[in-house]
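S.K.: Dumping the structure here so I can ask a few things about it.
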Amino acid sequence: MKHEVRDLIPEQGADRRDELEWILRRPFGFLRRCLKVENGRITEPESLIPLAWTSLILHRVPGIFLLDQRKRVSTMTEIETSQRDSELFSPPSDVRGMTKLDRTAFKKTVTIPVLKVKKEIVDKLMRSLKRAALQRPGIKRVIEDPEDEESRLIMLDPYKMITDDSFEKAELSILEQLNVSPQISKYNLELTYENFKSEEILRAVLPEGQDVTSGFSRVGHIAHLNLRDHQLPFKHLIGQVMIDKNPGITSAVNKINNIDNTYRNFQMEVLSGEENMMTKVRENNYTYEFDFSKVYWNPRLSTEHSRITELLKPGDVLFDVFAGVGPFAIPVAKKNCTVFANDLNPESYKWLLHNCKLNKVDKKVKVFNLDGKDFLKGPVREELMQQLGPLSKERKHSVHIVMNLPAKAIEFLGAFKALLDGQPCSSELLPLVHCYSFSKDANPAKDVQQQAEAVLGISLDACSSIHLVRNVAPNKEMLCITLRIPAAVLYKNQTLDLENHEDPPPLKRQRTDEALSEEKTITV
């Protein structure tokens, strides 16, 4: 690996860098020809360094130590740990392009500095050598001495501990107290497949410069990946690596089509491991069981499930139009709320019933297997007629309606138009609707509000707020619009006057744990 002299200068500002580069070039014109950079250290070929250089020390060049008068070896002081690891602790180069995993091909021998100590003082000494000791997950820092069973070898950081003089004063003092020689030896350490991280393995295997998949959604024992086209030739290897490197993962799957808008599931391919898709997950202290291949489940919505749950108080009513296997319905029911949960997918309906019993809320949740519009115009309408009827003024609880089907939920808002008969209730008793949507617009909050307004035929400026749920893909956001359906929309025989209709009370801005560092709720 070759470096220009300019590459060896830490960031000091343009003028300072030019000055330092001049210092390095001018007094020693042949410096660039003499220095060779290998694995993060700068060494000098013996044949090119005059003897007079052995006593040369360059001072006052911040961040750089070029030559040591005794050992003529130096190291850069500002190399990032991850960058250094990628140089030394990376798999062999000949695994590039591998499509069928061969674990034996990942063997590699590296030279590590070690310190020999008596085995009875290892524990005491290690507390004082935290800086100098090797910090590499999966590699023991203390190993047996193959030549002396009474001694142990302490693995040292190969970038910090170049010579015997690399120990700091405090470390040397401890070594002297314990009668340990500071002499550093070399040890040939064999690395195997088990010693490399999944990202390191995939970066070594996939074509250089291409994106590496090291993350996935975990659903019980299943690793759910969304591979890109350039990764597909390596899909089985990637799946096996995910299983190998993540305890508890026994199956890796890849989504091979978009989510079906009817049943909210998708086709998947098992890349490696067992084909059992029956799984169990824990989310926010609740247990859910289901067949992942037949229902919708997204572990990245855990925070959103909690956010909505926290909005309801004991005694409130929740209508969950697209309930799935129950991640909204069950936690809300546990708060002693009345829940009406619906899903069109027969498998989701089956597992929703199962999970209500599993979490002991089956007496508090009424479960339906209907199309979303039929659910709104049937059970929801009937219950709202009672909740918002003549006695509603005495009602102290709130009514919430959750519509989590981001690809199409906004279209279902049309079902609220002229849904109820009779005299409108007071504005503060109107139901709160939490409707999810995707947006690829440059202003996603405005885009989602305009979509909802187009369906309802009324301005939502005064009665809605938008919450950014998560970034789904580049330039694609998932959002939740929360609104009170105006009485002029919800009730029949109401004159819809866009200029003068009575607005429901304004919604408060919402904050969640996700928004502690950045406001993610936008009132529009």
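The values are calculated or read from the model by the stated rules, or taken from the named source; none is laboratory data. All values derive from a computational prediction rather than experimental measurement. Note that we place each Cβ from the backbone using ideal geometry, even for glycine, and neighbour counts take in every protein chain shown. Just so you know, the surface numbers come from the protein's heavy atoms only, side chains and all, with ligands and any DNA or RNA stripped out. Shrake-Rupley method; radii C 1.70, N 1.55, O 1.52, S 1.80 Å.
S.K.: Just give me the residues in the stretch 307-316 being surrounded by fewer than 19 Cβ atoms within 10 Å (Cβ to Cβ) and either on the phi < 0 side of the Ramachandran plot or touching a strand residue (DSSP E or B) at 6+ places or on another chain (Cβ under 7 Å) (or both), in sequence order.
M.R.: Matches in the stretch 307-316: Glu310, Leu311, Lys313, Pro314.
S.K.: Does the stretch 401-435 hold any residues that are open to solvent by less than 30 Å² (accessible area, probe 1.4 Å) and among the hydroxyl-bearing types (Ser, Thr, Tyr), and which are they?
M.R.: Hit for the stretch 401-435 is Ser427, nothing else.
S.K.: Now, a different point. Spot the failing condition for Arg152; the list is (1) open to solvent by 70 Å² or more (accessible area, probe 1.4 Å); (2) farther than 11 Å from Ile112 by Cβ; (3) not hydrophobic (A, V, I, L, M, F, W, C), and only one is missed.
M.R.: Going through the list (1) open to solvent by 70 Å² or more (accessible area, probe 1.4 Å); (2) farther than 11 Å from Ile112 by Cβ; (3) not hydrophobic (A, V, I, L, M, F, W, C), Arg152 breaks only (1).
S.K.: Still on this model: What number goes with the only condition from (1) outside any helix (DSSP H, G or I); (2) under 30 Å from Met277 (Cα atoms); (3) not acidic (Asp, Glu) that Thr309 does not pass?
M.R.: Exception for Thr309: condition (1).
S.K.: Say whether the condition of being part of a loop (DSSP other than H, G, I, E, B), surrounded by 15 or more Cβ atoms within 10 Å (Cβ to Cβ), of a type in the set (S, T, N, Q) and touching a residue at least 24 places away in the same chain (Cβ under 8 Å) is met by at least one residue in the stretch 204-217. Step through it out loud before you land on a result.
M.R.: Step one: filter the stretch 204-217 for residues part of a loop (DSSP other than H, G, I, E, B), giving 206-216.
Filter once more, so that each one left must be surrounded by 15 or more Cβ atoms within 10 Å (Cβ to Cβ): 206, 212-214, 216.
Cutting the leftovers down to of a type in the set (S, T, N, Q) gives us 213-214.
Adding the requirement that they be touching a residue at least 24 places away in the same chain (Cβ under 8 Å) leaves 213.
For the stretch 204-217, residues part of a loop (DSSP other than H, G, I, E, B), surrounded by 15 or more Cβ atoms within 10 Å (Cβ to Cβ), of a type in the set (S, T, N, Q) and touching a residue at least 24 places away in the same chain (Cβ under 8 Å): present.
S.K.: Being closer than 20 Å to Glu304 by Cα, among the aliphatic types (A, V, I, L, M), open to solvent by less than 40 Å² (accessible area, probe 1.4 Å) and at pLDDT below 95 is the filter here, so list the residues in the stretch 436-482 that pass it.
M.R.: Once the filter is applied, which keeps residues that are closer than 20 Å to Glu304 by Cα, among the aliphatic types (A, V, I, L, M), open to solvent by less than 40 Å² (accessible area, probe 1.4 Å) and at pLDDT below 95, the stretch 436-482 yields only Ala473.
Okay, residues lined up against (1) modelled with pLDDT under 95; (2) more than 22 Å from the chain's Cα centre (by Cα):
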position: Ser198; (1), (2): yes, no
position: Ala223; (1), (2): no, no
position: Gly239; (1), (2): no, no
position: Asn254; (1), (2): yes, no
position: Glu283; (1), (2): no, no
position: Tyr286; (1), (2): no, no
position: Glu289; (1), (2): no, yes
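S.K.: Sticking with this structure for a sec: Please find, among Arg136, Arg127, Arg141, the residue that is open to solvent by less than 20 Å² (accessible area, probe 1.4 Å), at pLDDT below 95 and charged (D, E, K, R).
M.R.: Values: Arg127 fails: open to solvent by less than 20 Å² (accessible area, probe 1.4 Å); Arg141 fails: open to solvent by less than 20 Å² (accessible area, probe 1.4 Å).
Answer to the selection: Arg136.
S.K.: Further question on the same structure: Name the pairs: first residue in the stretch 314-338 and under 16 Å from Ala409 (Cβ atoms), second residue open to solvent by 20 Å² or more (accessible area, probe 1.4 Å), Cβ to Cβ under 6 Å, at least 6 apart or on different chains?
M.R.: From the stretch 314-338, the pairs are Gly324/Tyr296.
S.K.: Ok, one more. With the checklist (1) surrounded by 20 or more Cβ atoms within 10 Å (Cβ to Cβ); (2) in contact (Cβ under 8 Å) with a residue 60 or more places away in the chain; (3) closer than 24 Å to Ile243 by Cβ in hand, flag the one item Tyr296 doesn't pass.
M.R.: Against the list (1) surrounded by 20 or more Cβ atoms within 10 Å (Cβ to Cβ); (2) in contact (Cβ under 8 Å) with a residue 60 or more places away in the chain; (3) closer than 24 Å to Ile243 by Cβ, Tyr296 comes up short only on (2).
S.K.: Report whether or not Asp421 is of a type outside the set (Phe, Trp, Tyr), farther than 17 Å from Leu405 by Cα, without any contact (Cβ under 8 Å) to a residue 40 or more places away in the chain and in contact with a helix residue (DSSP H, G or I) (Cβ under 8 Å, 6 or more places away or on another chain).
M.R.: Criteria not met by Asp421.
S.K.: Across the stretch 341-400, what is the number of residues that are open to solvent by less than 60 Å² (accessible area, probe 1.4 Å) and in a strand (DSSP E or B)?
M.R.: Result for the stretch 341-400: 7.
S.K.: Does Leu237 fit the bill of being touching a strand residue (DSSP E or B) at 6+ places or on another chain (Cβ under 9 Å) and farther than 29 Å from Lys160 by Cβ? Outline the logic, then answer.
M.R.: Details: touching a strand residue (DSSP E or B) at 6+ places or on another chain (Cβ under 9 Å): yes; farther than 29 Å from Lys160 by Cβ: yes.
Answer is yes for this residue.
S.K.: Failed condition for Glu147, given (1) surrounded by 14 or more Cβ atoms within 10 Å (Cβ to Cβ); (2) modelled with pLDDT under 95, with all others met?
M.R.: (1)
S.K.: Let me ask something else about it. Of all residues in the stretch 222-234, which are touching an Asp or Glu at 6+ places or on another chain (Cβ under 8 Å), closer than 29 Å to Met278 by Cα and surrounded by fewer than 20 Cβ atoms within 10 Å (Cβ to Cβ)? Even if it seems obvious, please write down each step before you answer.
M.R.: In the first step, residues of the stretch 222-234 are kept if they are touching an Asp or Glu at 6+ places or on another chain (Cβ under 8 Å); the result is 228, 230-231.
With the extra rule that they be closer than 29 Å to Met278 by Cα, the set shrinks to 228, 231.
Passing the criteria: only Arg228.
S.K.: Name the residue, out of Glu304, Glu275, that is under 25 Å from Ala223 (Cα atoms), in contact (Cβ under 8 Å) with a residue 12 or more places away in the chain, among the acidic types (Asp, Glu) and crowded, with 20+ Cβ neighbours inside 10 Å.
M.R.: None of the others qualify; the one that does is Glu304.
S.K.: Is it the case, given these coordinates, that Val219 is under 30 Å from Lys373 (Cβ atoms) and modelled with pLDDT of 95 or more?
M.R.: Yes, satisfied.
S.K.: Here is a further query. Checking the structure you have, find out if any residue of the stretch 158-167 is of a type in the set (Val, Ile, Thr), closer than 23 Å to Leu88 by Cβ, modelled with pLDDT under 95 and under 33 Å from the mean Cα position of the chain (by Cα).
M.R.: Initial filter on the stretch 158-167 (of a type in the set (Val, Ile, Thr)): 162-163.
Add one more test, that the residue is closer than 23 Å to Leu88 by Cβ, and what stays is 162-163.
Still in the list and also modelled with pLDDT under 95: 162-163.
Add one more test, that the residue is under 33 Å from the mean Cα position of the chain (by Cα), and what stays is none.
The answer is no; no qualifying residue exists.
S.K.: Output the number of residues of the stretch 169-187 satisfying the condition of being assigned to a loop (DSSP other than H, G, I, E, B), closer than 15 Å to Pro113 by Cβ and open to solvent by 20 Å² or more (accessible area, probe 1.4 Å).
M.R.: Going through the stretch 169-187 one residue at a time, the tally reaches 3.
S.K.: Right, next: Among the residues that make up the stretch 87-107, is at least one of them over 30 Å from Pro233 (Cβ atoms), outside any loop (DSSP other than H, G, I, E, B) and among the β-branched types (Val, Ile, Thr)?
M.R.: Scanning the stretch 87-107, I find no residue that is over 30 Å from Pro233 (Cβ atoms), outside any loop (DSSP other than H, G, I, E, B) and among the β-branched types (Val, Ile, Thr), so the answer is no.
S.K.: Identify the single condition in (1) at pLDDT below 95; (2) open to solvent by 40 Å² or more (accessible area, probe 1.4 Å); (3) within 22 Å of Pro207 (Cβ to Cβ) that Thr99 does not satisfy, given that it satisfies every other one.
M.R.: Checking Thr99 against (1) at pLDDT below 95; (2) open to solvent by 40 Å² or more (accessible area, probe 1.4 Å); (3) within 22 Å of Pro207 (Cβ to Cβ), the one that fails is (1).
S.K.: Would a scan of the stretch 487-504 turn up a residue that is among the β-branched types (Val, Ile, Thr), modelled with pLDDT under 85 and closer than 27 Å to Gly389 by Cβ?
M.R.: Yes, the conditions are met somewhere in the stretch 487-504.
S.K.: Could you check, for the stretch 188-199, whether at least one of its residues is open to solvent by 50 Å² or more (accessible area, probe 1.4 Å), free of Cβ contacts under 8 Å to residues at least 40 places away in the same chain, of a type outside the set (Ser, Thr, Tyr) and out of contact with any Phe, Trp or Tyr (no Cβ under 8 Å at 6 or more places or on another chain)?
M.R.: Looking for residues that are open to solvent by 50 Å² or more (accessible area, probe 1.4 Å), free of Cβ contacts under 8 Å to residues at least 40 places away in the same chain, of a type outside the set (Ser, Thr, Tyr) and out of contact with any Phe, Trp or Tyr (no Cβ under 8 Å at 6 or more places or on another chain), one finds at least one in the stretch 188-199, hence yes.
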